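Visitor: Structure in structure tokens, see below.
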Amino acid sequence: MVAAPQTPESGRAGRSAGASGRRARLAAAGRAAGLSRSYSRMVGVLKYVLPAVGLVVVALIVLWPELHHSQVDISSPTERPAAAAGEIQNPRYSGIDEAARPYTVWATLAKQVQDEVFDLNRPKGEMKLPSGLLLTLDAQTGKLNRSSKSVHLSGNVTLRRSDGTTMVTDAADIDLADKGARSSMPVTAEGPFGTLSAGGFKVEQQGDVIIFTGPTKLLLKPGADKAFQGTPQ
């Protein structure tokens, strides 16, 4: 069999087809490279975006009860919030001492057991001290007395002062107006000074002085004397 002679037209057509194929391959390679760069950029962005989204989700889960429920003021005897069986969701009790320093106690649930007395579930609170420090507290349960402006806390009672001092005990009585506190239960404490365990404690001079009572064991940190300088004891 004899091959048909190649004409100039057929040669040009072959070359044109080859050039078109090369252009198509180059275009496909360019698109692939562009997609690869876009994917790399997207992965780089997601490396930062996804952790941030995760933090937002966690924060919403933690803060949702606070955001979803408005607090009910039980500070005044004239406040009579509607409640089933005397129970009040998200109660808040607040006031000021003689020097106009504020204090606030809140809880997830309160039950009015007497005219001026409320049982509290998961109480928390904060008080501004004369030194400018902030004293916060929380416990599993509490009993608030509006007439005496005091609260009895029980169950994993934790008091934290903003200078880094933390005390944990089983029960404590808090005087909200005088910023005082006391407990005859064993207590552990930790702070800039080191660690301590004692048979009880008293908070005096409106929260600026902490006195530990009973058998006491103290382990000082190196340089603890410097930590005390200029700091309320």
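The values are calculated or read from the model by the stated rules, or taken from the named source; none is laboratory data. Note that the structure is a prediction, hence the values are computed from the model and not measured. Here the Cβ is made from the backbone with ideal geometry for all residues, glycine too, and neighbour counts use every protein chain on show. The accessibility values were calculated without ligands, DNA or RNA, using every heavy atom of the protein model including side chains. Shrake-Rupley method; radii C 1.70, N 1.55, O 1.52, S 1.80 Å.
Here's the yes/no breakdown for (1) assigned to a strand (DSSP E or B); (2) at pLDDT 95 or above; (3) touching an Asp or Glu at 6+ places or on another chain (Cβ under 7 Å):
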site	(1), (2), (3)
Arg160	yes, no, no
Asp163	no, no, no
Thr169	yes, yes, no
Ala172	yes, yes, no
Phe201	yes, no, no
Gln206	no, no, yes
Ile210	yes, no, no
Leu218	yes, no, no
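Visitor: Filter the stretch 96-107 down to the residues that are modelled with pLDDT under 95 and in a loop (DSSP other than H, G, I, E, B), then identify the one that is least open to solvent (accessible area, probe 1.4 Å).
Guide: Checked the stretch 96-107; the qualifying residue least open to solvent (accessible area, probe 1.4 Å) is Asp97.
Visitor: To continue, here is another question. Considering only the stretch 196-218, state which residues are under 12 Å from Met167 (Cβ atoms) and basic (Lys, Arg).
Guide: Residue satisfying the conditions is Lys202 alone.
Visitor: Give the stretch 127-142 a look and list any residue that's assigned to a strand (DSSP E or B) and surrounded by fewer than 17 Cβ atoms within 10 Å (Cβ to Cβ), or say none.
Guide: Leu134, Thr136
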